[in-house]
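Here the structure comes first, spelled out in structure tokens, and everything after it is commentary.
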Amino acid sequence: MRCFVSGASGFIGANLVHELAAQGHEVQALVRPGSDRRGLAGASFETVEGDLHDRDRLEAAMRDCDWCFHVAASYRLWLPDYRPMYATNVEGTRNVIEAAQAAGCSRIVYTSTVGCIGWREPINGEIAPADELTAVSEAQMICHYKRSKWLAERIALDLAARGAPVVIVNPSAPVGPRDAKPTPTGGFLLDFLKGRMPAYLDTGLNWVPVHDVAVGHIRAAERGRVGERYILGHAEGNWTMQQSLRVMGELAGRSPPRVRLPYGVALATGLVCELVARVTGRPPRAPLAGVRIARHRMFINPAKAIRELGLPQSSLTDSFRAAFDWFRANGYLTRRP
């Protein structure tokens, strides 16, 4: 197949380009001029320079494509001005899907986020993992990133209902190589490797190998049902923060932090960090959005994607090791903060 990939230089996008090429597909990779393309090194693809707001260029680039993968997004937990985030995540999604439909793509895979899946509150201390049918509302979108992706997902579902061949995938927390930017998740791993994590919050999330996420995108194009959402996660990846840090410590040969930070203290710290960021213009070390997200354990059930898409379930330990190795090999541990 001939495939168009937006956000090709990003974490998921770069791994998707590598996997598509490895499976013998032709790739048109949309990248912004001057973007960091280290994650694409070694992959076979054609470069299309542009952005999500040039509708004519998008449609022209997709005219001969069978599949469109819209992966591009602004993934930030803090910005001095969030309007560009909404322009990219919301209006950019509308532009790409409408252009792909006009160009005649037979499948359009939209990359949402597990943040758009509802969470469940603990019952007797236990949390039942959420799935695609868990009740959710915009009120649960507790930061600008999540809210912008929620609005974009509404657009994708609406366009699917109107005839666009859209399949939605909701990755959990990917881990693995090629996180060049890095994402907030990759930044968490780097902070650990650099010994910049004196304490932790009592939270939990679902980890998934980024390679499995890339394969899941391709399986969604091949087998996904139009208008459906599929959580791309790992059935054994619902880890508390203590579990995550223990595994990371064993792989990195470093002792994990032992101090558990009370939520109120973390919230106050985040507030102070953001006030300083407003003055300096530099991103805060502890953005409020990250603290608020961490208040809820985002445990999920990826059974639907495993059953319908054949989503792989690769080794999480190997994926953490691959992430650490990639950061080391690319000089991230010696780079100035």
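The values are calculated or read from the model by the stated rules, or taken from the named source; none is laboratory data. Since the model is a prediction, treat every value here as computed from it, not as a measurement. FYI the Cβ positions are ideal-geometry reconstructions off the backbone, even for glycines, and counts take in every protein chain you see.
What to note about this one:
- Residue match in the stretch 219-236 (condition: touching a helix residue (DSSP H, G or I) at 6+ places or on another chain (Cβ under 8 Å), over 30 Å from Val5 (Cα atoms) and buried (at least 16 other Cβ atoms within 10 Å of the Cβ)): no
- Per the conditions (1) farther than 19 Å from Pro171 by Cβ; (2) in contact with a Phe, Trp or Tyr (Cβ under 8 Å, 6 or more places away or on another chain); (3) part of a helix (DSSP H, G or I), the sole criterion not satisfied by Tyr145 is (1).
- Of Ala214, Ala221, all but one fail to be aliphatic (A, V, I, L, M), farther than 21 Å from Ala322 by Cβ and not in a loop (DSSP other than H, G, I, E, B); the exception is Ala221.
- Test: Glu59 is crowded, with 16+ Cβ neighbours inside 10 Å and without any contact (Cβ under 8 Å) to a residue 60 or more places away in the chain: yes
- Restricting the stretch 162-221 to residues that are β-branched (Val, Ile, Thr) and under 11 Å from the mean Cα position of the chain (by Cα), the residue that is farthest from Pro257 (Cα to Cα) is Val169.
- Residue within the stretch 252-260 that is polar (S, T, N, Q) and surrounded by 14 or more Cβ atoms within 10 Å (Cβ to Cβ) present: no
- When Leu151 is tested against the conditions (1) assigned to a helix (DSSP H, G or I); (2) of a type outside the set (Asp, Glu); (3) over 30 Å from Gly42 (Cβ atoms); (4) more than 19 Å from the chain's Cα centre (by Cα), the lone failure is (4).
- Residue match in the stretch 175-182 (condition: over 18 Å from Arg321 (Cβ atoms), out of contact with any Pro (no Cβ under 8 Å at 6 or more places or on another chain) and in a strand (DSSP E or B)): no
- Flag if Leu189 is touching a residue at least 24 places away in the same chain (Cβ under 8 Å), in a helix (DSSP H, G or I) and of a type outside the set (Gly, Ala, Ser): yes
- Filter result for the condition that a residue is in contact with a Cys (Cβ under 8 Å, 6 or more places away or on another chain) and crowded, with 19+ Cβ neighbours inside 10 Å, over Asn206, Asn170: Asn170
- Elements of type helices (runs of 4 or more DSSP H) contained in the stretch 49-122, each with 2 or more residues being under 23 Å from Val226 (Cα atoms) and small (Gly, Ala, Ser): 92-103
- Among the residues of the stretch 118-135, those that are of a type outside the set (D, E, K, R), at pLDDT 90 or above and touching a strand residue (DSSP E or B) at 6+ places or on another chain (Cβ under 9 Å) comprise Pro129, Ala130, Thr134.
- Neighbours by Cβ (under 6 Å, 6+ apart or cross-chain): first from the stretch 258-280, closer than 18 Å to Ser244 by Cα; second surrounded by fewer than 14 Cβ atoms within 10 Å (Cβ to Cβ): Val259/Ala199; Leu261/Ala199
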